1. Kindly establish whether Thr289 is open to solvent by less than 10 Å² (accessible area, probe 1.4 Å), under 18 Å from Ile362 (Cα atoms) and among the hydroxyl-bearing types (Ser, Thr, Tyr).
2. Which of the residues belonging to the range 374-414 are aromatic (Phe, Trp, Tyr) and in contact with a Phe, Trp or Tyr (Cβ under 8 Å, 6 or more places away or on another chain)?
3. What about Thr322, is it open to solvent by 40 Å² or more (accessible area, probe 1.4 Å) and polar (S, T, N, Q)?
4. Give the number of residues within the range 90-122 that are buried (at least 24 other Cβ atoms within 10 Å of the Cβ) and hydroxyl-bearing (Ser, Thr, Tyr).
5. Which one is modelled with the highest pLDDT among residues in the range 407-450 that are open to solvent by less than 30 Å² (accessible area, probe 1.4 Å) and among the aromatic types (Phe, Trp, Tyr)?
6. Quick check on the range 333-353. Is at least one of its residues assigned to a loop (DSSP other than H, G, I, E, B), closer than 30 Å to Leu209 by Cβ and not small (Gly, Ala, Ser)?
7. Restricting attention to the range 338-347, does a residue exist that is buried (at least 19 other Cβ atoms within 10 Å of the Cβ) and at pLDDT below 85?
8. Given Ser356, Ser279, which one is farther than 12 Å from Pro379 by Cβ, in contact (Cβ under 8 Å) with a residue 12 or more places away in the chain, part of a loop (DSSP other than H, G, I, E, B) and open to solvent by less than 40 Å² (accessible area, probe 1.4 Å)?
Amino acid sequence: MRRGTTATATLALACAAQFIVIFDISVITVALPSIQRDLGFAPANLQWVVSGYTLAFAGLLLLGGRLADLYGHKRIFVSALTAFTAASLVGGLATVPAVLIAARAAQGVAAAALAPLALTMLTTTFPEGPLRTRAFTIWTALGLAGGASGNLFGGILTEYLTWRSILLINVPLGVPVILVAARFLTRRDTSTRGMRLDVPGAVLATVALILLTFGIAQAHTHAWTDLATALPLLGGLVALAAFVAVETRLAPQPLIPPRLFRLPGVSRGNLAMLLGGASFHIPMWYFLTLTMQDVLHYSAVQTGLGFLPHTVVMLLVGLFLTPRLMRFVQPRILVATGALIAAAGFLWQSGITPSSGYGTGILGPAVLVSFGTGLVGTPVSTTITNGVASADAGAVSGLLNTTRQFGGAFGLAVLLTLTATHATDAPAVLADSYQRAFRGIAVILLGLAALASLLPAQHLAGRRSPVETAPSADRSGRRSVQ
């Protein structure tokens, strides 16, 4: 297979995997009220339909990032997507809450191997520079499209079919991608076949993330000093400390080599990704969905269509405007600008009331939020991965995805503590509750804008350095201009 064909197939498969993984995070949110009614979920437990996926996903991403380094890209891609598709089938047929949550967690486990591999495939196929930036732009845009279109199609499927169809649809989506991967994805040899998986580190990371998020979620209905809140938080901190000890002192081949954190792009970029995940991803879809259905009384399909501007603006900005700006503007400037624009959008969103119309209540804020979101994703991803050796691509990809997904689950848990805890379906009370969550997201984004100034500068493809523009000699000795 020619290299150009291989690169094209790799990009298509990586983008398909990213779309499916992110699609399944957001597609479930519009169906939450229907799932709650159909399976009898308690309100306090409903978030675990979302968090069951994202916590298993985030907790195992570090391990998933190393699987491809050990067993090869093709084998892990096909195996993970097959498991993801099978878990979707089980979830779509669930009749009790426990089975649905377990199926969502199984989806998250499979996605934890799939998502970092998709990014690793890009970093090992496309060299640093315009080609990688373009590949990352398409990959990021498809991820944003997966999140935004998940809400749209989730509403349509829930309204005209059933909430089960939003999980069962992964079967006809996943099977063709599996077949294409088996046919076109090349086997990639790796120089790390002697490595062993850091299972203790993976277990500790997963336990720490789950306990910390569960503890924060408990604060929604219990006091911070209550044992129901304090014990999970304490257990999470202990597990996190043990994870750090294992990674720095005991693991012969850690999930994340500590030396990587000495790279400014990895350390600061992942902190930026954490804040972005805590605002742009799960929390935004979660609270907007509930706002449209509980406050504005939109149907599931109306809610899905209400997200259409988010999809269109994110794609246009992320796919066409951002890569052009990145040729001339430092990524940290784009991140700061995008975060500030999105923060303004969420502040506008926080003014929604039961009497708000679609134009001022949803559409106006959506344009600002989505424009800002489209400016942030690719610059942060390129900041994290620039300068990373191919041997560490899987680890860095796993870390990047971990911070984003954990940021989403952890951010949702934190923001839920700002919402009302008493049972009520009064639109005015619910509106006030969700307003606090949107203001909380705006504060997180202001923190991201401040952090952006600390991100490292990068070489800009649109500005040639003196070395690049200086005359050079070819093999015949003649001078030429590059």
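The values are calculated or read from the model by the stated rules, or taken from the named source; none is laboratory data. Just so it is clear, the model here is predicted, and its values are computed rather than measured. Here the Cβ is made from the backbone with ideal geometry for all residues, glycine too, and neighbour counts use every protein chain on show. When the accessible area is computed, the model is the full protein with side chains, heavy atoms only, and any ligands, DNA or RNA have been set aside. Shrake-Rupley method; radii C 1.70, N 1.55, O 1.52, S 1.80 Å.
1. Numbers: open to solvent by less than 10 Å² (accessible area, probe 1.4 Å): yes; under 18 Å from Ile362 (Cα atoms): yes; among the hydroxyl-bearing types (Ser, Thr, Tyr): yes.
Against the criterion (open to solvent by less than 10 Å² (accessible area, probe 1.4 Å), under 18 Å from Ile362 (Cα atoms) and among the hydroxyl-bearing types (Ser, Thr, Tyr)), Thr289 qualifies.
2. From the range 374-414, those aromatic (Phe, Trp, Tyr) are 406, 410; that's our starting set.
Selection gives nothing.
3. Values: open to solvent by 40 Å² or more (accessible area, probe 1.4 Å): no; polar (S, T, N, Q): yes.
It is false that Thr322 is open to solvent by 40 Å² or more (accessible area, probe 1.4 Å) and polar (S, T, N, Q).
4. Let us first name the residues in the range 90-122 that are buried (at least 24 other Cβ atoms within 10 Å of the Cβ), namely 91, 100, 104, 107-108, 110-122.
Add one more test, that the residue is hydroxyl-bearing (Ser, Thr, Tyr), and what stays is 120.
Residues flagged as buried (at least 24 other Cβ atoms within 10 Å of the Cβ) and hydroxyl-bearing (Ser, Thr, Tyr) within the range 90-122 amount to 1.
5. Phe438
6. Residues of the range 333-353 that are assigned to a loop (DSSP other than H, G, I, E, B), as a first pass: 350-353.
If we keep only those that are closer than 30 Å to Leu209 by Cβ as well, we get 350.
Imposing the further condition that a residue be not small (Gly, Ala, Ser) reduces the set to none.
Looking for residues that are assigned to a loop (DSSP other than H, G, I, E, B), closer than 30 Å to Leu209 by Cβ and not small (Gly, Ala, Ser), one finds none in the range 333-353, hence no.
7. Looking for residues that are buried (at least 19 other Cβ atoms within 10 Å of the Cβ) and at pLDDT below 85, one finds none in the range 338-347, hence no.
8. On the way: Ser279 fails: part of a loop (DSSP other than H, G, I, E, B).
Every option except Ser356 fails the conditions.
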